[in-house]
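S.K.: Supplied in structure tokens, the structure appears directly below.
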Amino acid sequence: LGGKMHKTLYEVAQYQADLRTSIQNTVNFQLLAGKSILITGATGLVGSYLADMFSLWNSEQLSALNKIQIYVCSRRRINLEERFKGCWEANCLHFIEQDFSEQLHFDEQVDFIIHAASNAYPAAFDRDPVGTMLTNIIGTNELLQYARAKKVKRFIFISTGEVYGEMGENVVAFSEYHSGYVDITSPRSCYPSSKRAAETLCVSYGKQFDVNIVIARLCHTYGPNITCSDNRATAQFINNVLEGQDIILKSKGLQLRSYSYIADCASGVLSIMTSGEFGQAYNIANPDSRITISDFAHITAELAGKSVKFQISNLQHKIEQTAITRAVLDSHKAESIGWKNQFGPQEGIKHTMEIMNFLKKK
């Protein structure tokens with residue numbers, strides 16, 4: 001599904017419309033015109049969508065001076081070639097093969113760095129907790145050194161709401177100043193613990209070496225450009241109904257989460273990059289999308305004319321599942337710079353399914 005989808009994604013009118021909405025909803029997007037931007041994790045959900053935004057922007061510019069030079073990074077060049085096959089203005093898209101657990105071997109001069117490279121789904125945390133930590137810490141350090149040497153205009157670190165950990169029920173929504181409990185002796189904590197450390201590393205480079213950094217903390221994000229390896233619950237639900245199957249919940253699904261459609265998440269990331277305050281972290285979330293996992297499943301099933309059924313969790317699911325029962329993010333700080341959400345859960349899930357279903361039938 002993933003390979004076929006990526007070859008034809010650019011043909012889908014709804015996907016193009018969502019990209020345009022993201023561009024229009026980005027605060028001071030025009031500041032990126034004519035600039036060069038490096039995106040790590042460029043074949044992932046967030047990185048690939050951002051690259052597509054820039055490519056679409058390039059295709060609609062009359063002046064070559066406004067076109068954005070896009071440097072996309074991934075562990076394997078072949079993955080980049082497949083993911084971006086057929087994209088708009090391919091001459092402005094440059095491929096970089098780089099494993100961010102290793103020393104950097106590229107030397108391009110860029111204006112902005114968007115660091116989105118990370119294992120971001122439960123199966124990867126279980127399979128490779130050491131690699132997850134090293135990519136988040138050592139890889140981030142390598143890129144910060146690079147940003148310092150190249151004197152980049154801004155470095156944005158893509159973090160996660162999981163850095164907040166578990167907090168008491170008296171906390172309705174996590175603001176950027178909250179810090180909860182993370183079980184550091186659990187291998188599953190490889191992700192939130194290393195993201196926490198990487199955030200501190202970023203602000204330390206800002207203080208000690210004057211690297212212009214900002215941090216975006218993402219909530220649970222979904223969209224039509226999910227990867228084949230993504231085993232997060234939202235991806236499984238959508239893939240299930242598109243295959244004509246009912247959704248099977250292996251728990252009661254009562255965990256409360258903030259969700260964000262990729263079109264909103266991406267405009268939030270870029271708004272923080274262009275207009276956020278030096279050294280600050282910002283939550284990206286939708287206050288209208290604070291729903292349980294079960295709610296997400298039922299919305300998805302209803303839109304597809306399917307049902308939600310419950311089964312007792314198997315052992316592997318329990319191993320991969322986070323212990324956090326509530327992960328609701330307060331988005332006021334990001335909204336204070338002018339960014340606004342455009343997609344509620346019904347519309348976001350509907351767009352995701354329509355785009356993926358179109359591609360599935362191609």
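S.K.: For Thr325 and His105, compute 0.36 nm times the residue count separating them, minus their Cα-Cα distance, and round to one decimal in nm.
M.R.: In short, 75.1 nm is gained.
S.K.: Can you work out ³J(HN,Hα) from phi for every residue in region 92-100, in order, using Karplus 6.51 cos²θ - 1.76 cosθ + 1.60 and θ = phi - 60°, giving whole Hz and x for Gly and Pro?
M.R.: Karplus-based 3J(HN,Hα) across region 92-100 equals 9, 10, 10, 8, 10, 8, 7, 9, 7 Hz.
S.K.: How much length is gained if the chain between Cys228 and Gln346 is pulled fully straight, taking 0.36 nm per residue apart and subtracting their Cα-Cα distance, in nm to one decimal?
M.R.: Extending this stretch completely gives an extra 40.2 nm.
S.K.: Tell me, what is the per residue accessible area of region 23-152 in Å², probe radius 1.4 Å?
M.R.: For region 23-152, the per-residue accessible area is 42 Å².
S.K.: Further question on the same structure: Would you compute, from DSSP H runs of 4+ residues alone, the mean residue ellipticity of the chain at 222 nm, taking -39500 (n - 2.57) per run and dividing by the full residue count, rounded to the nearest 500?
M.R.: -12000 deg cm²/dmol
S.K.: Obtain the nm distance between the two label points defined at Leu254 and His178 by a simple spin-label model: each point lies 7 Å from its Cα along the Cα-to-C-beta direction.
M.R.: Between Leu254 and His178, the simple spin-label model gives 1.9 nm.
S.K.: If R₀ is 41 angstrom, what is the calculated FRET efficiency for the pair Ser59 and Asp128, using the beta carbon separation as r and rounding to 0.05?
M.R.: With a Förster radius of 41 Å, E is 0.65.
S.K.: Given labels modelled 7 Å from the Cα in the Cβ direction, how far is it in nm from Asp246 to Arg20?
M.R.: So the label points at Asp246 and Arg20 sit 4.1 nm apart.
S.K.: Please work out the FRET efficiency for the pair Glu97 and Lys309, using the Cβ-Cβ distance as r and a Förster radius of 35 Å; give the result to the nearest 0.05.
M.R.: Here the calculated transfer efficiency is 0.25.
S.K.: Using a probe of 1.4 angstrom, how much of the accessible area of the chain is carbon and sulfur, in percent?
M.R.: On the chain, the fraction of accessible area on carbon and sulfur atoms equals 50 percent.
S.K.: Using a 10 angstrom cutoff on alpha carbons, build the Gaussian network for the chain and name the most mobile of Ala42, Ala266, Ala13.
M.R.: Ala13
The values are calculated or read from the model by the stated rules, or taken from the named source; none is laboratory data. None of these values were measured; they are calculated from a predicted model. Here Cβ is always computed from backbone atoms with ideal geometry, including for glycine, and neighbour counts include all displayed protein chains. Note: accessible area is taken over every heavy atom of the protein model, side chains too, but ligands, DNA and RNA are not part of it. Shrake-Rupley method; radii C 1.70, N 1.55, O 1.52, S 1.80 Å.
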